[in-house]
Amino acid sequence: MKELSLNILDIAQNSITAEADLVEITLDETDTTLKLSIKDNGYGMSPEFLASVHDPFSTTRTTRKVGLGIPLLKLAAEQTGGGITLSSVQRSVDPENCGTEITAFFHKDHLDFTPLGDIVSTVCTLLQGFPDVDYVFTHTISRAAGEDGAAESTVISLDTRDMRVILGDDVPLSDPMVLLWVRDTLEEQYAAAGAHTAQ
């Protein structure tokens, strides 16, 4: 994929297919590294499937026989000298703490680093397509000390659980006005951080 934001969208959709009602997308970025984590509370994977999930021909989908989300993310991370870790607990084993977490680490200064891309559109697409799911999006951008000797850290965030408290039950997250507000809010946070939303 040309943008990591598309990998994030694909894997988040897998989480929703696994009956997750909470998906947490966390980005920790420095000048030279990017750590991406996608965590859900879905029904989890069996140890056998977890062992084979890096295989592009391994999928739980019935609509297509090839699952590329995790293998493509793994390739994108490894080609920068990074890698991925994957953990999962099945709902049948632990209903209270079930789910899957994928963490990928990238070296941004590598020639083969795939840019993050339009992450704001990814968040909006998830809200529009799956408005009954809650999302926690956090992007921490840390910059090395500048000439003044001070390091900088900025957090861009959105939590739909807080939004639901304000909106009430009558306004879905997929409402066009809500989506416009989300886009504007995230873009304003990125602008304040001096970061572009399509990197």
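The values are calculated or read from the model by the stated rules, or taken from the named source; none is laboratory data. All values reported here derive from a predicted model rather than from experimental measurement. Don't worry about glycine lacking a Cβ; one is built from the backbone with ideal geometry, like all the others, and counts go over all protein chains shown.
I need a count of the residues in region 147-199 that are more than 18 Å from G129 (Cα to Cα), out of contact with any Lys or Arg (no Cβ under 9 Å at 6 or more places or on another chain) and in a strand (DSSP E or B). Residues flagged as more than 18 Å from G129 (Cα to Cα), out of contact with any Lys or Arg (no Cβ under 9 Å at 6 or more places or on another chain) and in a strand (DSSP E or B) within region 147-199 amount to 4.
Out of G117, G99, which single residue is in contact (Cβ under 8 Å) with a residue 24 or more places away in the chain and within 14 Å of the chain's Cα centre (by Cα)? After applying the criteria, what remains is G117.
Restricting T138, T122 to those that are out of contact with any helix residue (DSSP H, G or I) (no Cβ under 6 Å at 6 or more places or on another chain), in contact (Cβ under 8 Å) with a residue 12 or more places away in the chain and either crowded, with 19+ Cβ neighbours inside 10 Å or closer than 22 Å to E3 by Cα (or both) reduces the list to T138. Of all residues being modelled with pLDDT of 80 or more and small (G, A, S) in region 138-153, which is nearest to L34 (Cα to Cα)? Just the residue, please. Taking the candidates together, the pick is S142. Taking region 81-113 as the range and being among the polar types (S, T, N, Q) and touching a strand residue (DSSP E or B) at 6+ places or on another chain (Cβ under 8 Å) as the test, the residues that pass are T85, S87, S88, N97, T100, T103.
Within region 84-117, being of a type outside the set (V, I, T), touching an Asp or Glu at 6+ places or on another chain (Cβ under 8 Å) and buried (at least 18 other Cβ atoms within 10 Å of the Cβ) holds for S88, G99, L116, G117.
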